[in-house]
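The values are calculated or read from the model by the stated rules, or taken from the named source; none is laboratory data. Model, not experiment: these values are computed from the prediction. Ideal geometry is used to build each Cβ from the backbone, glycine not excepted, and the neighbour counts take in all protein chains shown.
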Amino acid sequence: MDPTSPMTEDGLDTLIPEAKGWTPPQSAVHHSGIPVDPTHDFFAPPPEEIGEVVSASSTLKKGKKPMAVGSRLLLCGFVASLGVLGLYLTDFNIPILEILLSLVLAGLVWYFTRFRHECSYVGKQGLARLFCAGNRENIRKTQVFLFGEASDLRTAQTRQYYNGVYTGTTYNYAWSDPNGRKRYVLNGTYKGENKPPKPNSPFHFAEAAQIVWSDYLLARAIDELNERGAIRFGLSGADYVAVGPGFIDFHIGSKEARCSKEEIAAITINAGTFEIRRTDAKVGWFSKSGVFQFNYGQMANARLFLMALDKLLGYRFG
């Protein structure tokens with residue numbers, strides 16, 4: 001027996017329990033598409049109902065421990081004291097202002113030193129987010145969304161500018177059921193005017209979810225294509241477009257038309273708007289014909305629509 005092995009009094013090896021958690025399989029990647037960081041601590045496993053995990057991420061690093069309450073209190077007091085000292089040196093000797101500043105600074109330090117982390121998973125059958133607080137074993141909140149609960153996904157991204165200067169991009173990914181009720185939403189803001197955000201941005205979770213969702217819909221879309229001869233994509237209200245082998249149908253407002261592949265001069269996306277232009281299109285100052293437009297954000301399952309254009313009409317974007 002190895003004399004360096006830890007022993008109990010009765011001679012049995014002492015087993016040191018490993019931290020509970022989850023180890024990503026080799027097939028899983030980070031939401032941004034890069035390999036999973038081996039230092040990520042997946043403190044809670046993904047729920048089985050979301051199926052095989054395609055991508056995963058965690059905000060917790062291995063070995064990261066919560067700061068002791070005493071240390072947090074000392075840090076709060078130290079920062080608050082520095083703030084009051086700075087105020088004193090500027091000759092603002094107003095007691096109530098000093099009290100307010102110390103409370104604000106202490107509150108900020110307490111908030112930013114809290115132990116709160118998230119694991120997020122994209123599975124072939126749905127999504128999951130799990131949150132711990134205080135310590136890695138204390139799972140305070142769990143969100144599970146199964147793709148079978150929804151029928152449509154609408155996405156939107158908007159670049160924000162102030163006085164011509166880019167300030168960020170907002171995004172919104174909303175899943176809804178056949179009755180139009182929202183079932184799950186992922187939204188937020190990231191920085192990246194002409195390039196993707198950094199890998200740790202939550203945006204990648206939403207984008208990875210859209211990709212897997214589109215793959216999930218493929219089987220349903222193929223069944224619809226075989227049954228109806230085309231795949232329908234809802235717009236706002238009762239409007240929709242349908243893509244079939246070599247054609248696209250439009251039902252937009254009072255317009256109902258079919259265009260064969262040979263009749264389509266161009267399909268473009270510009271400033272978040274789809275435009276399909278026929279070969280006989282006529283565009284004037286006050287009227288136009290043969291041009292069909294609709295907003296990308298209004299279209300249900302827009303990524304699947306792009307896939308259908310590629311496979312059924314031969315139009316590929318990107």
- Message: Under 9 Å between Cβ atoms, which residue pairs at least 6 apart in sequence (or on different chains) link something in segment 53-66 that is at positive phi with a partner that is surrounded by fewer than 13 Cβ atoms within 10 Å (Cβ to Cβ)?
- Response: GLY63/THR39
- Task: Would you mind telling me which numbered condition in (1) more than 26 Å from the chain's Cα centre (by Cα); (2) of a type in the set (D, E, K, R); (3) over 20 Å from ALA150 (Cα atoms) ASP239 fails?
- Result: (3)
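State whether one or more residues within segment 179-198 are within 19 Å of SER236 (Cα to Cα), polar (S, T, N, Q) and at pLDDT 95 or above.
No, segment 179-198 contains no residue that is within 19 Å of SER236 (Cα to Cα), polar (S, T, N, Q) and at pLDDT 95 or above.
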- Item | Selection status of GLY164, in contact with a Pro (Cβ under 9 Å, 6 or more places away or on another chain) and over 23 Å from TYR296 (Cα atoms) | no
- Task: Look at LEU87 and say whether it is touching a helix residue (DSSP H, G or I) at 6+ places or on another chain (Cβ under 9 Å) and at pLDDT below 90.
- Result: yes
- Task: Kindly check whether there is at least one residue in segment 224-233 that is in contact with a Lys or Arg (Cβ under 8 Å, 6 or more places away or on another chain), closer than 24 Å to ARG181 by Cβ, free of Cβ contacts under 8 Å to residues at least 40 places away in the same chain and acidic (Asp, Glu).
- Result: yes
- Within segment 52-79, which residues are modelled with pLDDT of 95 or more and either in a strand (DSSP E or B) or not assigned by TED's automatic domain parsing to the domain that holds ALA206 (or both)? VAL53, VAL54, SER55, ALA56, SER57, SER58
- Among the residues of segment 197-208, is any without any contact (Cβ under 8 Å) to a residue 24 or more places away in the chain and exposed (fewer than 12 other Cβ atoms within 10 Å of the Cβ)? no
